[in-house]
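All of the numbers you see were taken from the coordinates with simple rules; none came from a lab. It should be emphasised that the depicted structure is a prediction, and the values quoted were computed from it without experimental measurement. Positions of Cβ are generated from backbone atoms using ideal geometry, with glycine treated the same way; all protein chains shown enter the neighbour counts.
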Amino acid sequence: MKKGDRRRMSVNRSWWDEAVPHHVVADSYEVPSFLTGKSTLRPMEIREMGSVRGKTLLHLQCHFGLDTLSWARRGAIVTGVDYSLLAIRAARRLARRAGITARFIQSNVYDLPAALDQQFDRVYTAKGVIPWLPDVDRWAEVVARPLKSGGRFYLLEDHPIAELFSNDATASGLELRHSYFGGRPVREETEGTYASSAKMQHRVTYGWIHPVSQILSALTAHGLEIESIQEYPFTFWRRFPFMVEDSRGWWHLTKDDGKIPLMWSVRARRKPPTVA
C-alpha cells in the first residue's frame, strides 16, 4: 500500500462512522421495508451467485448489513465484515430486530486475514466498495484467500468510467475530471452523504479509480478463474443529480442514456489445485 493510504482510509472510516446513523434511517436504505421482508439484493446478484442455501458466505465491506442479512434470508450462513465499528454495531442490532442469525466482524478489509481464519463457499462484495480501496492487488489476495476450492466470488459495482465525471454534473453535459487509469487518490468534500442531506462534521473522503482490466488481472493473479463479466447502462444509486429512476429502482442518465456503462459485475471461481 502506498505511503499515506492508511491515513486516507482512516479519514474515510471516520466519515463512515458518522454516516451510519444517518443511513440507518435514510429513505433510500428502506430499513422498515427490509424488516417486513423486503430483500435488498438485485436480480442479477441472485442469478449470478446461484443458490446459497446452506452455503457459508463472506460479505466484505458490508456497511450495516442489509445485503448480508438478505443473503441469510436466502439460506446462507453469513459473515459480514466492515471497518466501521458503528456500522458493525448497527448490523448486529438489525440482525436481532429481524430475527436473523448472522456474524459481523469489525476489520479493515486488508487486515482481515489476521482477524478471520476460515474458508467460505461464497465471497461477495457489492455496490460502492472498490473505489474506497487503494490497493486492488492486495484486495484480490484477501478475496481469494478465504475461498474454498471451487468457491464462487461475485462483485457488482459502479463502473470505473462513471468515476471519471464530477458527481455534481448537470444534464447539459458530464464534466470529465479524472483519469480512467487512476493514479492519485481522488479527494472529495461534501456536506452530506449520498443517502442523506444531514450536514456532516467529517466532510472529506478519498477514493481510488481502478480500471476493469486491473481488477480482473488482480483476481486472476490470485487464482480466480473469471466466469462472467457484465456491463450495464444504469446503476444502483443517483450518482448524478439529473438521473431518473425506473420502475425497477435503477438509475439512468437522461442524456445519452445507454451510451456509457454505469455499472458492471464479475463472477469468478477459485480454481481447484492442479493435480500433477
Cβ neighbours within 10 Å, averaged per peptide: list 33-39, 59-65 in order, most packed at the top. 59-65, 33-39
Roughly how many nanometres apart are two label points built 7 Å out from the Cα toward the Cβ at M1 and D137? 1.6
What full-extension length gain, to one decimal in nm, is calculated for Q119 and M44 as 0.36 nm per residue of separation minus the Cα-Cα distance? 24.5 nm
Charge dipole of the chain built from unit charges on the beta carbon (Lys, Arg +1; Asp, Glu -1), centred at mean Cα; most positive-end Cα among V25, S197, A162 is V25
The range 8-161: relative contact order from alpha carbon pairs under 8 Å, six or more residues apart, as a whole percent, is 22
Would you please report the Å³ per residue occupied by the convex hull of the alpha carbon atoms in the chain? 133
With a sphere of radius 14 Å drawn around the Cβ of A19, what net charge do the other residues whose Cβ falls strictly inside it have (Lys, Arg +1; Asp, Glu -1)? -1
Let me spell out the model: positive unit charges on the Cβ of Lys and Arg, negative unit charges on the Cβ of Asp and Glu, origin at the Cα centre of the chain. What dipole size does that give, in debye rounded to 20? 920
Using the count of nearby Cβ atoms within 10 Å as a rough guide to exposure, how do V142, V212 rank from fewest to most? V212, V142
Where is the GNM fluctuation largest for the chain (alpha-carbon springs, 10 angstrom cutoff): A162, A76, A98? A98
Mind pulling up the Rg/Rh value for the range 160-230? Radius of gyration and Kirkwood radius, both on Cα. 1.07
Of the listed links K2/K38; K127/K271; K127/K199; K3/K127; K55/K199; K3/K148, those spanning more than 30 angstrom between alpha carbons are K2/K38; K55/K199; K3/K148
